[in-house]
Amino acid sequence: WGTWCGPCREEMERLPTLHETLKGLPVTYMYLANNSPEELWRKSAKHFGLEGADCVNHRLPDAQQNAVEEYLGIQGFPTFILVATDGTIVTNYAPRPSNPAGVREAILKLLTLSKLFISSQNNLPLSR
């Protein structure tokens, strides 16, 4: 996201509703600000509530931001990515905060699949 990005700011305004919709789910929110002046980034982070135990909020130096964007295949802003607890990128096209029910559904689906996978791994015979 970027402090300069109108669509980003519109989505960020919807974060309180999203957070309420996802309350009780094991979610960590990660916000990476792109090309945003530090003072404006800090003010925006406070305004949008990008703080707390369940939030990671960084303003990356240009070289790091470029590397992250290239690695993740970022094509535009805002971008919402769903990442599994093991670090696997599930989708680079996650539902936006303006669709909190869609975000909740995607996360619940991911959590269900994760539980099924872990359960199936626990039932496999151990190799010797």
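The values are calculated or read from the model by the stated rules, or taken from the named source; none is laboratory data. Note that this is a predicted model, so its numbers are computed, not measured. Glycine also receives a Cβ, built like all others from the backbone with ideal geometry; neighbour counts cover every protein chain displayed. Note: accessible area is taken over every heavy atom of the protein model, side chains too, but ligands, DNA and RNA are not part of it. Shrake-Rupley method; radii C 1.70, N 1.55, O 1.52, S 1.80 Å.
Just to be sure I follow: if Rg is taken over the C-alpha atoms of the chain and Rh is the Kirkwood radius over the same atoms, what is Rg/Rh?
Values: Rg = 16.6 Å, Rh = 16.1 Å.
Value, to two decimals: 1.03.
With N residues in the stretch 1-45, what two-decimal value do you get for its Cα radius of gyration over 2.2 N^0.38 Å?
Details: Rg = 11.8 Å, N = 45, 2.2 N^0.38 = 9.3 Å.
Against the empirical 2.2 N^0.38 Å value, I get 1.26 for the stretch 1-45.
For the stretch 3-16, take each phi angle, set θ = phi - 60°, evaluate the Karplus expression 6.51 cos²θ - 1.76 cosθ + 1.60, and give the result in whole Hz per residue in order, putting x for glycine and proline.
5, 8, 9, x, x, 4, 5, 4, 5, 5, 4, 8, 4, x
Just add up the charged neighbours of Ala45: K/R +1, D/E -1, any other residue whose Cβ is under 9 Å from the Cβ of Ala45. Numbers along the way, then the final one.
Values: positive: Arg42, Lys43, Lys46, Arg59; negative: Glu51.
With Lys, Arg at +1 and Asp, Glu at -1, the net is +3.
Could you point to the residue in Val27, Gly76, Asn57 farthest towards the positive end of the chain's charge dipole, with +1 and -1 charges on the Cβ of Lys/Arg and Asp/Glu respectively?
Farthest towards the positive pole: Val27.
Quantify, in whole percent, the carbon and sulfur part of the accessible surface of the chain (1.4 Å probe; protein heavy atoms only).
55
Isolated Cys in the chain by the 4.7 Å beta carbon test?
Lone cysteines by the Cβ rule: Cys55.
Taking the solvent-accessible surface of protein heavy atoms with a 1.4 Å probe, what is the per residue accessible area of the chain in Å²? Each step should come with its number before you reach the end.
On the way: 8690 Å² over 128 residues.
Accessible area per residue, the chain: 68 Å².
Name all residues of the stretch 1-45 having a backbone nitrogen under 15 Å from the label point set 7 Å from the Cα of Val83 along its Cα→Cβ direction, giving them as ranges.
It comes to 1, 27-34, nothing else.
Pull up all non-local amide H partners of Val83: gap of 5 or more, or a different chain, and H-to-H distance under 5 Å with H placed in the peptide plane.
Val90
By how many degrees, 0 to 90 and rounded to 10, does the Cα axis of helix 62-72 deviate from the longest principal axis of the chain?
40
In degrees between 0 and 90, to the nearest 10, how far off the longest principal axis of the chain does helix 38-48 point, with axes built from Cα atoms?
60
Pull up the cross-link candidates among the lysines for Lys109, meaning alpha carbon to alpha carbon under 19 Å and not fewer than 8 places away within one chain.
Counting by Cα, and skipping residues close in sequence, Lys109 has these lysines nearby: Lys23.
Quick one: which residues, 5 or more positions from Cys5 or on another chain, have an amide H under 5 Å from its amide H? H modelled 1.01 Å from N in the peptide plane, none for Pro or chain starts.
Under 5 Å from the amide H of Cys5 lies no amide H from a residue far enough along the sequence or on another chain.
Sequence-distant or interchain residues sharing an amide H contact under 5 Å with Asn57, placed H: which?
Here the answer is Tyr31, since their amide H atoms fall under 5 Å of that of Asn57.
With every protein chain present, what accessible area does Arg104 have (1.4 Å probe, heavy atoms only), rounded to the nearest 10 Å²?
Solvent-accessible area, nearest 10 Å²: 80 Å².
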